[in-house]
1. With every protein chain in place, what's the accessible area of residue 122 (1.4 Å probe, Å², nearest 10)?
2. Largest first, how would 163, 77, 291, 206 line up by accessible area (1.4 Å probe)?
3. Indicate the gyration tensor shape class of region 77-133 (rounded, prolate or oblate), computed on the Cα atoms with a ≥ b ≥ c the square roots of the eigenvalues: a/c under 1.5 is rounded; otherwise a/b larger than b/c is prolate and the rest oblate.
4. Out of the total accessible area of region 54-197 (probe 1.4 Å, heavy atoms of protein only), what percent is carbon and sulfur?
5. What are the radius of gyration and Dmax of the chain, computed over its Cα atoms and given in Å?
6. Rounded, prolate or oblate: which one fits region 182-236, using the alpha carbon gyration tensor with axes a ≥ b ≥ c (rounded when a/c is under 1.5, else prolate when a/b beats b/c, else oblate)?
7. Classify region 232-284 as rounded, prolate or oblate, taking a ≥ b ≥ c as the square roots of the eigenvalues of its Cα gyration tensor: rounded when a/c is under 1.5, otherwise prolate if a/b is larger than b/c and oblate if not.
8. What accessible surface, in Å², does a 1.4 Å probe find on residue 289, ignoring ligands, DNA and RNA and rounding to the nearest 10?
Amino acid sequence: MTEIHLAQLLFARTALAPDPADGSFWMPPQVSTIAHSVDWLFNFILAISVFFFVLIVVVMVVFVLKYRRREGQTAESSPSHNTALEVTWTVIPVLLVIVIFFFGFKGFLDMATPPANAYEIMVEGQKWKWSFTYPNGYVDENLHVPVDRPIQLVMSSADVIHSLYVPAFRIKMDVVPGRYSKAWFEATQPGEYDLFCAEYCGTGHSTMLAHVVVHPPGEFETWLDKASDFLATMSPVDAGRKLFQARGCTQCHSMDGSAKTGPTLLNVFGRREKLSNGTTITVDENYIRESILEPAAQVVAGFEPVMPTFQGRLKDQEIMAIIAYLKAPAEASKGSSS
Ligand code: CUA
């Protein structure tokens, strides 16, 4: 039963899926301009490895059987060397390694050199959330890009080392605190693809996910205009909820009363909190604002001062929207959609 299913699956995968945008049996879809050459080199190295693995194992087994110890036979001394054989098994691997290096280095250079007209998007990794900043200053939790246009990512981290990985584009690049790393790609097919963190970065590493949305021609600009306008088009509470989600607050602060890395923010407004310095405060607008901009200044007792500052990363209007969201009664702060 299982074998039949596997065979059917293999057949269906190979016979009915010739479009590279669907992916192959063990590869995700090829959705960037470089994906084809990456896969070609991978398959080339795989084929060489399989060929030599089979060759060596077969020759080994044949020799083990043929030259095994038999009754009444004594071993002859083996010849010291065979020049023709040794030259052959040195020259062939050297040629193969040169071919692999040539295509590998060419691919590396292509992937490291973005075209001059690339559209630039800033990326920030933070435990455990990605944020993408567009040229107009708008920040989104997912990566939106136009199809058929080179995109350059300029990436940094607010805390530890992360790694941006989009299997469908065949790109993976470390995102490091204190410096900028870059990656570029050109998507070839509209659709939605997975973006992962590929560097273990702590408890929430496996949840550090995002989507890449590749927009059809002309639709990216429309999306960006509409998305950027959210402070003007949404109520402060709704805008605050969106920011709370998109900027990674939910990674550490729950809205259901349970403590995570930071205290829950359910009904936080007006709450009396004991601080780590022994004093007690009442949470008001000023305390929330200070906690966003200078998180280490007054930490609630029982929690570590691990929150990164949002100084320079949130506009005043955005901080006000977040305060409005945290002030709203619990029913409103849950929202209808999330
Ligand atoms: Cu970020 Cu793993």
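The values are calculated or read from the model by the stated rules, or taken from the named source; none is laboratory data. Keep in mind that what you see is a predicted model, and the values were worked out from it rather than measured. Glycine gets a Cβ as well: all are built from the backbone with ideal geometry, and neighbour counts include every protein chain shown. In case anyone asks, the SASA skips ligands and DNA or RNA and just uses the protein heavy atoms, side chains included. Shrake-Rupley method; radii C 1.70, N 1.55, O 1.52, S 1.80 Å.
1. Roll a 1.4 Å probe over it and residue 122 shows about 80 Å².
2. Values: 163 0, 77 110, 291 30, 206 85 Å².
Final ranking, largest accessible area leading: 77, 206, 291, 163.
3. Details: a/c = 11.73, a/b = 2.87, b/c = 4.09.
Verdict is oblate for region 77-133.
4. Values: 5630 of 8940 Å².
Taking all protein chains in place, region 54-197 shows 63 percent carbon and sulfur surface.
5. Spelled out, the Cα radius of gyration and Dmax of the chain are 28.3, 97 Å.
6. On the way: a/c = 2.83, a/b = 1.31, b/c = 2.17.
Here region 182-236 falls in the oblate category.
7. Working: a/c = 2.67, a/b = 1.70, b/c = 1.57.
Prolate, because a/c is 1.5 or more and a/b exceeds b/c.
8. 80
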